[in-house]
Amino acid sequence: MTEERTYRNWVEIDLDSFRHNWNEIRRLVGDGVRVMQVVKADAYGHGAIEISRAALKNGAHCLGVANADEGIQLRVSGIEAPIIILSPSTIFEIDEILKYSLAPSISDISFACELDGRAASGKRILPVHVEVDTGMGRGGILYEDALDAIEAIASLENLEIEGVFSHLAVSESKDDPYNERQGRLFRELFENLKVRGIEIPVKHLANSGGVVNFPEFHFDLVRPGIMTYGIHPGSETVSKVDLAPLMTFKSVIVLVKEVDAGYSVGYGRTFRTERPSRIATVPVGYGDGYGVMLSNRAEALVGGRRVPVAGRVSMDMCMLDVTDVPGCDIGDEVVFLGRQGDEVITAQEIAAKSGTISYEVVCALGKRAPRVFLNKGEPDSYEPRLRRIFMPEEERSIARIDGIIRSCFRARASDADVGDAIFYEMFENLFGRRNRPLELREGFKYRIRVRDFCGGDAADDGETRGFFKVTSRVEYRKTLRHPLFLVGCAFNDEQLSALFDEERCEYRWLLPSQPGDVLEKDFVVHSVRIDGREVVIRNREITDRGLEVWCGGDELRDKLNRDVKVEIEIVTKKLKTSRTFSAYLVYPTRGLEICFDYAGTGLRNVRETSFFSGKRHSPQVTEERGKSMTLRLGDEDWVFPNSGVTFSWDL
């Protein structure tokens, strides 16, 4: 990617260094330990969206954030991996935790009970991680209360304890006995839980310092943060792991002045030149995370040389003494953090001069600047600041989104009324319900096989006379949200609408008739597979919504929130005299193939009437006369909801 620079300050993030650091983590923990990439605080200032994607490509099991807003930012950016909120959540965040499938941490029984109740009303089983305070003195249930608290949480019907964790207070110090005390308490907790018959699937204790200094604390999962960004958690770890910093903070000189000796620079006149000097103004200040404490103390790099910060750092600017950099001029690059030529300024150096820690430096530095991500030394992607920050509630409200979409249709339609009609027809069923998630499907294949009934398929009792036997096989890829889901058959439009309101309904069929025993023959779910695994059909029942066939269960929990291949095969019947068969798409879908196979039925003049909205309105149609007709769109082509095709014929 080549991105023409239109910004005066920018932060470069080296993804090659990120991969190097990940390889070091893998070397330390081995293949048997899962890794959570901690991306809270905008990935420690590095850009949470791109860092999350890079971490998942490198094998991250899940992502760690500080609050629901950070998790939502990743979800609305298309990230579907498990996201765990590491800080205690508030009751006000529960609705969004449920809506965006986030896994909260629990430090309080009352919060767990409220979460359980809200999950029950939404018919959800929510994975949670329980934090135990073994000595950090921050979040978590006090250790002496943890055993009873975890047992109580485990008894809640709509919460599933996926993990229990604690946090090391001094992990950067290998010889501090406090670490061993915390580790001993953590182990004893699980021994006592086991006595009570409670098994915890995931145990995690090690942060960056724990990853390097305490292999015995790796358990099932580790939570590296600062070390993935190339910064050592403490001086003791430098010799144990080779880390490469990712971040370089750059700007440009916008003004150069030739001044005499005795010239004062900046607020308070804290710097005065001792000789004729050249003073450069750079558009970086404490509003960009470059703190006032660096005034007259820090250095920057210009022309591969160190130059001092001259005078007090103001909100949007600082000044550099560039007298000793020959030829320095407006437009020259300035590096405040990172390497230029043979010189390098580290986060640790800036932290020491600011009286803080390197964590704060990278989190704050360049907070108003875009991130430019480098692959193999070249710009690969670009993330502007407004994409990184979380939009306020007003801007991301359903009403606001609806208004934007409706305005787009109005602008493209012949008049406002037509635009509104298109909006309501195509999008209201998707966006109109506040808590309804938007599903995306890929690789959609639908094969409809139409045949005459034969004697072996049904007794000659007249029930199938005048009907075709229709075998429908559908497959697609999607993110699995529920381990238990249903395939529904509605008998009228009202029931069909009710099935659309059920987010656990994976597939819906309309069979206008009256419910009764004949449905055992009229609508049969022949098979359901997830990633090639046969799924158990749990129950068939007639309800107010029609015939409900429930499939799956706990055996699919390992597939939750992951991309899976869904395959469903249904056998039903079709009245011959109707002379039409329709197939509809009700979700945004990328890639499509629909085949109507009617070989041996005697159908004549089979034709298709398709109505697709998206980049390509007309699919490629191929026909084997007297046998089949197939419609195709490319694997990268998106199809919007309420698209479809109707096949019609003569007898």
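FYI, it's all coordinate maths here, none of it is from the lab. Just so it is clear, the structure is predicted and the values come from calculations on it, not from any experiment. Positions of Cβ are backbone-derived with ideal geometry, glycine not excepted, and every protein chain shown enters the neighbour counts.
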- From the residues Gly443, Leu28, Asn296, which one has its Cα farthest along the dipole of the chain in the positive direction, the dipole being from +1 and -1 charges on Cβ of Lys/Arg and Asp/Glu about the Cα centre? Gly443
- Query: With each run of n ≥ 4 DSSP H residues scored as -39500 (n - 2.57), what mean residue ellipticity at 222 nm is computed for the chain after dividing by its residue count and rounding to the nearest 500 deg cm²/dmol?
  - Reply: -7000 deg cm²/dmol
- Enter the per residue convex hull volume of segment 435-650, computed from alpha-carbon coordinates, in Å³ rounded to the nearest integer. 131
- Note on the structure: Expressed as a whole-number percentage, the relative contact order of the chain with C-alpha contacts under 8 angstrom and at least six residues apart is 11
- Rounded to two decimals, what is Rg over Rh for the chain when you use alpha-carbon atoms and the Kirkwood radius? 1.06
- About the Cα centre of the chain, how large is the charge dipole given +1 on each Lys and Arg Cβ and -1 on each Asp and Glu Cβ? Please answer in debye to the nearest 20. 1400
- Message: At 0.890 mPa s and 25 °C, plugging the Kirkwood radius over alpha-carbon pairs of segment 33-240 into Stokes-Einstein gives what diffusion coefficient in µm²/s?
- Response: 141
- Query: Of Val132, Asn561, Tyr476, which is farthest on the positive side of the dipole of the chain, counting Cα position, with +1 on Lys and Arg Cβ, -1 on Asp and Glu Cβ, and the Cα centre as origin?
  - Reply: Tyr476
- Relative contact order of segment 70-228, pairs being alpha-carbon contacts under 8 Å that are 6 or more residues apart, as %: 16
- Item | Convex hull volume of segment 248-384 per residue (C-alpha atoms, cubic angstrom) | 109
- Helix 416-431: inclination vs the chain longest Cα principal axis, degrees, rounded to 10, gives 90
- Query: Rounded to the nearest whole Å³, what is the per residue volume of the convex hull around the Cα atoms of segment 523-651?
  - Reply: 150
